[in-house]
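Before any comments, here is the structure.
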Amino acid sequence: MDSVDPQKIAQRASEVSFRCLLENAAESVLVVDRLGRIVWTNQRTSELFGYRCEEMLGQRVEMLLPERHRQAHLEHRASYMAEPRNRPMGKGLELAARRSDGSEFPVEISLSHSRGEEGLQVMAIVTDITRLKQAETAREQFSKQQLAAKEEQIRTLERLSKGPEVSVTAQLLEVAPLARYAPTVFEELVRDYSRGMEMALEMRIYKKDPPLSEVLRELAERIAFLKGTPRDVVDIHRAALQHVSRQAQPPKIQGYVEEGHLLLVELMGYLASSYRHYAIGTLRPAKDAGRT
């Protein structure tokens with residue numbers, strides 16, 4: 001009666017279990033030998049590439065690549081076989097695979113290797129990243145649209161700040177733009193208004209209730225005390241919008257643009273109210289206004 005080696009039985013059972021896991025993996029799994037021939041593949045690979053398993057077995061792995069990449073891959077594969085190591089394939093590069101019908105799709109590939117009785121073998125896990133690339137493209141398009149909207153917003157504000165009605169107000173008050181004659185104070189006002197934009201966005205996203213009206217009312221009083229005009233308010237708004245959008249993602253930029261419209265209207269209203277109080281002498285001096 002032949003003796004039974006428990007260790008070999010356990011090893012075999014482990015191999016069968018591992019292969020079963022690979023067979024049912026959600027990603028495409030390929031195993032190739034040192035010559036680049038496909039020696040094993042799972043069902044997901046057939047679904048992804050459109051070949052039956054038996055059509056791939058024994059074939060060079062380059063059959064799954066676009067023709068323009070095959071020659072270069074032969075050289076890369078030879079280099080990898082000489083010094084195999086577990087790593088992502090083509091890190092930082094745009095990788096593409098080819099289906100049986102000739103269509104191509106973007107992929108990410110992870111490589112691992114082992115040495116056994118059958119010699120060096122390399123396992124490649126192939127992930128179809130078509131949806132990821134589509135999402136990236138959509139985000140890029142959205143970003144471009146939002147940036148275009150932001151630029152248009154800024155152009156609109158620039159036209160508004162140069163409008164005749166604003167110029168008339170400035171002439172009546174006999175003052176020049178704050179940004180030109182009091183740049184330090186202007187930057188302080190931009191910073192505080194930017195804080196108001198951040199607060200407005202917090203209200204929108206997190207349903208918080210910060211003292212935004214108080215911030216705008218105090219800002220309007222300071223602008224009125226400085227004899228600021230609607231043109232100055234528009235300049236402050238434009239500079240603040242540029243400031244908060246500098247490092248923001250497109251969705252957040254859109255939020256700033258939308259909330260900015262409301263803030264601008266509200267600040268203009270507070271400014272008009274402040275001027276009424278200023279005209280009848282009831283406006284308290286603005287703290288650290290910086291301009292008389």
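Here are the numbers for this structure:
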{"item": "Charge tally in the Cβ shell below 14 Å around Glu47, where Lys, Arg are +1 and Asp, Glu are -1, Glu47 excluded", "result": "-2"}
{"item": "Dipole moment magnitude, nearest 20 debye, the stretch 6-128 about Cα centre, only Lys, Arg, Asp, Glu C-beta charged", "result": "360 debye"}
{"item": "Cβ crowding within 10 Å averaged over residues, with 243-255, 27-39 ranked highest first", "result": "27-39, 243-255"}
{"item": "Rough spin-label spacing in nm, given labels placed 7 Å along Cα→Cβ, for Glu108 and Leu132", "result": "0.3 nm"}
{"item": "Built amide H within the under 5 Å cut-off of Ala96, gap 5+", "result": "Val107"}
{"item": "Segment Glu54-Arg70, length gained on full extension (0.36 nm per residue, minus Cα span)", "result": "3.6 nm"}
{"item": "Spin-label model distance (nm) - Arg87 vs Ser213, 7 Å beyond Cα toward Cβ", "result": "6.3 nm"}
{"item": "Å³ per residue enclosed by the Cα convex hull of the stretch 6-128", "result": "108 Å³"}
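Only the coordinates and a few stated rules stand behind these numbers; no lab work does. These numbers were taken from a predicted model, which means no experiment stands behind them. FYI the Cβ positions are ideal-geometry reconstructions off the backbone, even for glycines, and counts take in every protein chain you see.
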